[in-house]
Amino acid sequence: MIVPRTSRKDILAKLHAKAKARVPIMIASAGSGLVAQLLEEAGVDCVNTFSGARLRANGMGTMAMMWPILDSNEQTLRYTQEDIMPALRGKAFVCACLNPNDPLKDARMLIDRCAAMGVASVSNIGPSISYVDKGSTIRAVLEKSGITFQQEIEFLKLAKTMEQVTIGLAFDEEESVAMCAQAQPDVFCFHAGTTKGGRTGFDSGEVIAQTAMRTEVVYQRIRQVSPHTLLVCHGAALENPTDAQYMLDHTSGHGFWTGSSTERLPIERAVLATAKEFTSLRFGKQAPR
């Protein structure tokens with residue numbers, strides 16, 4: 001197996017050309033090689049890997065990655081190398097979502113490992129401290145121990161100097177602006193919240209119009225501090241293609257990032273429906289010989 005390679009220059013040229021032509025950029029998560037293959041065949045620009053996607057492939061919710069049951073960086077790097085990279089043909093680039101706050105691993109080493117396997121892009125969302133609510137005791141304890149959002153910003157700044165395409169991600173307006181002002185990521189995704197729908201999705205009660213409104217407020221703030229950053233949306237009420245179209249029509253971004261929407265939810269529906277067809281079958285009237 002010879003894994004295809006691409007470069008930061010080529011990736012950014014393609015993404016900016018799509019933005020200029022008003023063709024939406026699409027990033028999508030994959031927890032398995034099969035899903036990655038199908039996403040690439042469908043025309044996705046970027047296949048992203050992270051521990052939450054791998055756990056979704058095992059039937060767990062994305063947030064299971066927050067519990068201390070695994071080394072998220074090791075899991076992401078291992079399945080990216082063994083399952084994802086060999087499955088792709090080079091049409092889509094891969095972004096590894098890493099944990100910049102890993103106290104046992106040097107960030108340069110993590111990025112070097114990505115480059116060695118052909119990964120040309122990294123993100124700070126594997127997982128991010130932004131998943132933990134501000135003002136909570138656990139967030140305060142984590143920050144006191146040195147696990148901070150600033151570490152994630154520094155990680156993206158370092159990754160850009162190492163010729164990686166940087167994809168930043170944050171959950172609120174304050175952190176979004178801080179990240180983009182300091183790290184100037186190539187792509188920024190505003191994470192509006194856990195995607196609703198299916199067995200493990202979380203429905204906060206927000207409708208797609210509210211998700212779009214919150215997202216656009218962040219987009220406008222980011223343009224003031226990082227005008228060349230490409231902007232994509234993700235999560236909350238963005239569950240299906242109709243929702244994604246609404247986001248494209250009512251925000252000024254360049255595309256969207258799907259996780260459960262193109263991975264967990266389609267698998268749940270298709271496998272369950274097909275398996276039910278099989279389990280509903282019965283023997284005919286003719287007795288077996």
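The values are calculated or read from the model by the stated rules, or taken from the named source; none is laboratory data. None of these values were measured; they are calculated from a predicted model. A quick note on method: Cβ atoms are made from the backbone with ideal geometry, for glycine too, and the neighbour counts reach across all protein chains shown.
Based on what the data block shows, is residue 278 assigned to a strand (DSSP E or B) and either modelled with pLDDT of 95 or more or within 30 Å of residue 19 (Cβ to Cβ) (or both)?
Against the criterion (assigned to a strand (DSSP E or B) and either modelled with pLDDT of 95 or more or within 30 Å of residue 19 (Cβ to Cβ) (or both)), residue 278 does not qualify.
Is there any pair with a first residue in the range 267-281 that is closer than 18 Å to residue 34 by Cα and a second that is exposed (fewer than 10 other Cβ atoms within 10 Å of the Cβ) and polar (S, T, N, Q) whose Cβ atoms are under 6 Å apart and which are 6 or more apart or on different chains, and what are they?
none
Of the residues 134, 157, which is touching a residue at least 24 places away in the same chain (Cβ under 8 Å) and either in a helix (DSSP H, G or I) or in contact with a strand residue (DSSP E or B) (Cβ under 8 Å, 6 or more places away or on another chain) (or both)?
Just a single option satisfies the conditions, and that option is 157.
Can you name every one of the helices (runs of 4 or more DSSP H) wholly within the range 1-112 that holds 1 or more residues which are surrounded by 17 or more Cβ atoms within 10 Å (Cβ to Cβ) and in contact with a Lys or Arg (Cβ under 6 Å, 6 or more places away or on another chain)?
Result: 33-42, 51-56, 72-79.
Scan the range 171-185 and give yes if some residue there is modelled with pLDDT of 95 or more, more than 17 Å from the chain's Cα centre (by Cα) and of a type in the set (Val, Ile, Thr), otherwise no.
yes
Before we move on, is residue 168 surrounded by 15 or more Cβ atoms within 10 Å (Cβ to Cβ), at negative phi and modelled with pLDDT under 95?
Considered against the rule, which asks whether it is surrounded by 15 or more Cβ atoms within 10 Å (Cβ to Cβ), at negative phi and modelled with pLDDT under 95, residue 168 comes out as no.
Considering only residues that are part of a helix (DSSP H, G or I), at pLDDT below 95 and touching a helix residue (DSSP H, G or I) at 6+ places or on another chain (Cβ under 9 Å), look in the range 245-265 and name the one that is farthest from residue 168 (Cα to Cα).
Among them, the one singled out is 264.
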